[in-house]
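Beneath this line is the structure, given in structure tokens, with notes to follow.
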Amino acid sequence: MVNTVLLSTAYLAPVEYYVQMCGHPQALIEAACHYVKQTYRNRCVIASANGCQTLSIPVVKPDALKYPTKDIRIAEHGNWRHLHWNAIVSAYRSTPFFDYYEDDFRPFYEKPAGFLFDFNEALRELVCSLLDISPAVSYTTDYVFSPPAEVWDLREAIHPKKAPVMPYFQPYYQVFEAKQGFQTNLSIIDLLFNMGPEAALWLCHQPSQP
């Protein structure tokens, strides 16, 4: 049986990321990989009143083509923190549990964040705490080229341009579902704001392995 899942860092990662965290006792997060653009490392997808909306964190352009993800700094241009928080409020203020969690998330958008990896991990720790899930999380110190058989490598499989690793998730309540239909595999905040304490129960009932 696979006990450990190997994941990339992610900004308010999609639901499938947390399905894997809920379904495995151990999670290994890649900290030694090179930074790659257009991944969940610096973007998430939420459900707005007009459909899916991608929120991307601007980063300081690395000096080299290959640059460690853990050393990538967040850029403060473009007023991104204000724009992201306004988008989240606009999308989720009418959900059943936004008011319940608002004060937990707002501080992340009120001050400069520093390194992308640290920002992502602080958000992940908050989300795991709110969901009351506690996988044993560790970090790579060197890039893992060939993980052992007991480690499921999903670093590149969980990707905004790829279908979810597990092909089907049970629908859950979404505030815009009547207008847009159920939107699958959005950011974990979509599940949390819509389902509240039941989010963890939903996660743990989804298949995490083939």
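Shape of the stretch 34-97 from its Cα gyration tensor (a ≥ b ≥ c, root eigenvalues): rounded if a/c is under 1.5, otherwise prolate when a/b > b/c, or oblate?
Numbers: a/c = 3.14, a/b = 2.25, b/c = 1.40.
Here the stretch 34-97 falls in the prolate category.
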Estimated 222 nm signal from helices in the chain, with DSSP H stretches of n ≥ 4 weighted -39500 (n - 2.57), rounded to 500: -9000 deg cm²/dmol
Cβ-based charge dipole, the chain, positive-most Cα from Ala136, Val36, Ala91: Val36
Cα-based shape type of the stretch 1-109, given that a ≥ b ≥ c are square roots of the gyration tensor eigenvalues and the cut on a/c is 1.5: oblate
Dipole moment magnitude, nearest 20 debye, the chain about Cα centre, only Lys, Arg, Asp, Glu C-beta charged: 700 debye
Asp118/Ala163 FRET efficiency (R0 45 Å; Cβ-Cβ; nearest 0.05): 0.90
Answer label for Rg/Rh (Cα atoms, Kirkwood Rh) (calculated), chosen among (i) 1.01; (ii) 0.94; (iii) 0.97: (ii)
Net charge contributed by nearby residues that have their C-beta within less than 13 Å of Glu125 (K/R +1, D/E -1): -3
Net charge, Gln209 excluded, C-beta distance under 14 Å - Lys, Arg +1, Asp, Glu -1: -3
Relative contact order (%) - criterion: Cα under 8 Å, at least six apart; region: the stretch 4-204: 36 percent
Environment charge of Val59, counting only residues whose C-beta is closer than 14 Å and scoring Lys/Arg +1, Asp/Glu -1: +3
Cα centroid separation, the stretch 21-55 to the stretch 87-120 (Å): 15 Å
The stretch 58-76 and the stretch 126-145: distance between their alpha carbon centers, rounded to Å: 22 Å
Tensor-based shape of the stretch 138-210 (alpha-carbon gyration tensor, a/c under 1.5 rounded, otherwise prolate or oblate): prolate
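Read-outs: derived from the displayed coordinates by stated rules, not from any lab. The structure presented is a predicted model; accordingly, all values stated were derived computationally and were not measured. Positions of Cβ are generated from backbone atoms using ideal geometry, with glycine treated the same way; all protein chains shown enter the neighbour counts.
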